[in-house]
1. Scan the stretch 81-165 for trypsin sites (Lys or Arg not before Pro) in coil per DSSP, keeping those whose Cβ has at most 13 other Cβ atoms within 10 Å, and list them by number.
2. Cα gyration tensor of the stretch 306-361, axes a ≥ b ≥ c as square roots of the eigenvalues: rounded (a/c below 1.5), prolate (a/b > b/c) or oblate?
3. Among Lys96/Lys123; Lys450/Lys472; Lys23/Lys75; Lys27/Lys123, which pairs are too far apart, with a Cα-Cα distance over 22 Å?
4. Listed highest first by mean packing, meaning other Cβ atoms within 10 Å per residue, what order do 383-395, 274-286 come in?
5. If R₀ is 51 angstrom, what is the calculated FRET efficiency for the pair Ala26 and Glu473, using the beta carbon separation as r and rounding to 0.05?
6. So which trypsin sites (Lys or Arg not before Pro) in the stretch 347-382 end up in coil per DSSP with only 16 or fewer other C-beta atoms within 10 Å?
7. Return one whole number: the accessible area per residue of the stretch 83-139 in Å², for a 1.4 Å probe.
Amino acid sequence: VVGDGVVGDGVVGDGVVPDDWAKVAAKADGLISAGEVDCKTSAKLCDSGVALPYIKVYGFGLDEKDDIMAIERFKGDQAARALQEASDSLPDATLKLNAMTTDHAMSASAQEGRLLLILLSNKSEPPTMLKSLALAMEDQVAVGFYPNPDPQTMQRFQVPRLPMFVSMFASEAMPGDEDLPPGTPPGAMQIGIKPYDPLMFGRPTFESVFAFSFNMVAQLFPENADAMLSGEVGTRLRNAQGGAAGDEGGAGASGGSGSAGAGKKAGAPKAVVEISAANWEEVCPPSSSTLCAIGFLSGGEESPTFEDELAVVKASAAAHTSDPYVFAWVDGSCLLGFGEAFDVQPMGLPTMVAYSPKKQRFAGFVGVFGIESVNDLLNGVLSGRVKTKPVYQAPVVDDVDCKAVAAERAAAGEGGGDVAVEEEEDMGDFMAEILAEEKAAKKALEEEMKREAEEKKAQEKADKEAAKAAAKEAEGGKKKKSKKKKKKKKKSEL
């Protein structure tokens, strides 16, 4: 038994492994694992007097000390039946949903502080993968199964086809939100829906749907994200990916022009570590071909925006599980020298940098710091769409106690609040003037371009009419000349 999961052992030795074993074993997903035993080298693991090959199934929660009669045995050519037996042993912890129960499940999940993940399907029973997800994420995500939804339900969930995963979550109504029904008071709970995006996460598998769920949890319930990542399944998936990360030509190394994970099987969510002087070369080794995605945040853990900014970095890490990125964050307001190596200035925080330690090149981020824009930067670097430039100096992380620095700043700023507000207002007025000038210049340019286009169009029309008149005049002259010639010919005949 691997953890609390299920193991199907294809025992091999003197017998020939059937061709369908590899195909069936590849379908083992989620909490079901498949393995092979060579009875020539591991005879103690094999049953004596039993014809080879054969398959043994250890049901969910069954360890080696339990009753041996509970272990199912199948012939070597019964791999499909063995896999079904393993699937049937998984407890079904999914919520059975329909038009009457979905909103209640959403309310219950919101009260419990959990995300609601729903699979809408044209099948009548939940698949093995969904049962595995429900068991693996039960503390952070409620997993529901909605069989045979009607067209109205599919429209509500923004689902064009089946099967499809969607997440549901509760959010507070914000003042000025144009999408709210008239009369909705601020703070009222609204239901949000986010469909699974295959362009970002790839074909739905246990790993990719787990990554999608982690992405949503990191945004909505950041306090639960670490527990989900460090749980048994999160650790197992992260370790599995870590073993492949050392291969220089591993999955995702070539990149692509689409979103992260397009056409690739998503891996486990990646850990996001804080960079310090002690671990910098370990997180981002100078000779490594792996790219480093570094989030420069506005402050450390004491910052009021820390959780929201870190959630963006974690969500981007979850969206790039199959790409050659290592994700980390740093207090950009503290490690100023480190930021200068990447052209990061305090006024530009928070921001993201994609850095290649082996090539000593990086790409900076321009725009509003958010999941979509950060992913666009990281995808652009992989595809070559976003150009990189060399670092001006080797990035060095100073050995500074950033928490102590933040405390000193807070103490020094206690009597200077009015000055800070005044400076902020002056800066706001200055920025307003700049924006107004840019807006006026843009409008003038647009009007000039419009005038030039109209003049060009009028000139083209005049040229066309002149050419048409000239052609008509030339055609009229030819006809008159032809008539004169015909008349002369008649006189000569007479």
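1. Values: sites: Arg81, Lys96, Arg114, Lys123, Lys131, Arg156, Arg161; in loops: Arg114, Lys123, Arg161.
In loop regions of the stretch 81-165 (DSSP not H, G, I, E or B), the sparsely surrounded trypsin sites (Lys or Arg not before Pro) are Lys123, Arg161.
2. Details: a/c = 2.65, a/b = 1.17, b/c = 2.26.
Because a/c hits 1.5 or more and a/b fails to exceed b/c, the stretch 306-361 counts as oblate.
3. Details: Lys96/Lys123 12 Å; Lys450/Lys472 33 Å; Lys23/Lys75 16 Å; Lys27/Lys123 18 Å.
From the list (Lys96/Lys123; Lys450/Lys472; Lys23/Lys75; Lys27/Lys123), the Cα-Cα distance tops 22 Å for Lys450/Lys472.
4. Values: 383-395: 12.8, 274-286: 15.5.
Taking the mean over residues of other Cβ atoms within 10 Å, the ranking is 274-286, 383-395.
5. Values: r = 79 Å, r/R0 = 1.55.
Efficiency, from the Cβ-Cβ distance: 0.05.
6. On the way: sites: Lys358, Lys359, Arg361; in loops: Lys358, Lys359.
Those that pass, being in a loop and sparsely packed, are Lys358, Lys359.
7. Numbers: 2690 Å² over 57 residues.
Counting only protein heavy atoms, the per-residue value for the stretch 83-139 is 47 Å².
The values are calculated or read from the model by the stated rules, or taken from the named source; none is laboratory data. Remember, predicted model here, so these are calculated numbers, not experimental data. Methodologically, a virtual Cβ is constructed for each residue, glycine included, from the backbone with ideal geometry; neighbour enumeration extends over all protein chains shown. For the accessible areas, the whole protein counts, side chains as well, though only heavy atoms, and no ligand, DNA or RNA atoms are used. Shrake-Rupley method; radii C 1.70, N 1.55, O 1.52, S 1.80 Å.
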